[in-house]
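Colleague: A single structure is presented below for examination.
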Amino acid sequence: MIKLNNTLTVEHELSRFLFKDPISSTLLWYFLLDHPGEEDNGSSVSIKELADKLAFTPRVIQKRMDYLEEMGFIKSFTPEFYGGQRLPSIYQINFESDFYVKPAKKRVLPKMEQSADVDLMIKRFTDINFATHGLEYKPDGPQRSKWVKGAEKILTLKTDGAEFSMDTYEKVVTFLAEQMKESLKPEPAPYMMQCRDLGNLVYTHPSQSDCKYINAYRKMSSGSTIQYESSVVINEILKENDEQTIGHPENGSATYDSLWEEV
C-alpha cells in the first residue's frame, strides 16, 4: 500500500509542481495506480505506450517523465537488451521522496527450531494406535503442521502441575487408543473419547475446561472411563442447545458422542 504524505500541505514545492502541470499529475496517478504496493515493484511501460494512453506526443510525455524523476516522484532503470531488442523502462515509486510515507520493513520472524521430541511423539502416536486396533493414523502432507502444533502444545502443558514426560504421553495415547477401540466395536461402549490425530489431543470441547490430553490423563489416573452420569447430564444440555445426539455405528456409518467431537 502506498501512502501519500499529506502533511506537506498544498504550499510545498512538490505539491505546487503537480498543481501547475496536469500532465505530470496524470502520469504520476498512472504509476500510483499501476503499482502493486511493494517497495521494489514498478511499471514496465514505454514512452510510446504512455503517449498513446494520454493522447500526447512521445516528446511531451518524455519531458514530463524527466520532470517527475528530477523532482523525485519516481525513479527508473532500463533493462539490458533481450534478443536484440531494448526492453521498456521500469518505473518505480521513489519512496525516498518526501511526497510518500515510506513503507515499514516487514519483520522477518526467526524460524522456530522443532523439538527433537516432536517426531518421536508422532511416531509413538501412530505405532500405539496401530498396535491397539490395527488402524494407522499418521500425518500426510498439509496435515503434518497440525500434528506438529499439537505436539508442541503438549510439550508445554502441565498436567495437574506435572511437566511433560514421554512416559506419561505414551500412557495417555494408549488410553485413548483403547477408548477408540471400544468405540469401534459392533456394539460400542458409550461415551468413549475419540482421537484420530495428534493435533486433536489438544482440542478443547466447548463443554470442557481442559483439552482431551488433560482429561484423558485424569480419567486414566483415576482408573475409570468417562463418568456415565455426568456425561448424560452434559449431553442432555448439549442436545437442548443444538439438538446433537449421541450416536453409535448404525447401518455401517458411525457418529460420535458430541462431548468429544472434532476428531
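Colleague: Neighbour counts of other C-beta atoms within 10 Å: give me M1, M121 arranged from fewest to most.
Modeller: If I rank by nearby Cβ atoms, fewest first, I get M1, M121.
Colleague: Could I ask something else about it? Can you list the trypsin sites (Lys or Arg not before Pro) in the stretch 150-199 that are in a DSSP coil and have 14 or fewer other beta carbons within 10 angstrom?
Modeller: Here the trypsin sites (Lys or Arg not before Pro) that fit, given the DSSP loop and packing criteria, are K158, R196.
Colleague: Starting from 0.36 nm per residue, how many nanometres of slack lie between L33 and L87 once their C-alpha separation is accounted for?
Modeller: Gain on extension, L33 to L87, equals 17.3 nm.
Colleague: Where a ≥ b ≥ c are the square roots of the eigenvalues of the C-alpha gyration tensor, would you call the stretch 1-58 rounded, which needs a/c under 1.5, or, failing that, prolate if a/b is larger than b/c, or oblate?
Modeller: Oblate shape, in that a/c is at least 1.5 and b/c is the bigger or equal ratio.
Colleague: I've got another one for you. For the stretch 3-101, what does the alpha-carbon gyration tensor say about shape, rounded, prolate or oblate, given a ≥ b ≥ c as the root eigenvalues, a/c under 1.5 as rounded, and a/b over b/c as prolate?
Modeller: In terms of gyration-tensor shape, oblate.
Colleague: Continuing with the same structure: Checking the table K20/K106; K153/K185; K105/K212; K63/K106; K185/K212; K106/K212 against a 29 Å threshold on Cα-Cα, which pairs fail?
Modeller: K20/K106; K153/K185; K105/K212; K63/K106; K106/K212
Colleague: Could you calculate the contour length gain from K158 to T7, that is, 0.36 nm times the residue separation minus the distance between their Cα atoms, to one decimal place in nm?
Modeller: Contour length minus Cα-Cα distance gives 49.0 nm.
Just so you know, all these numbers are worked out from the coordinates, no wet-lab data involved. All values reported here derive from a predicted model rather than from experimental measurement. Backbone-built Cβ (ideal geometry, glycine too); neighbour counts: all protein chains shown.
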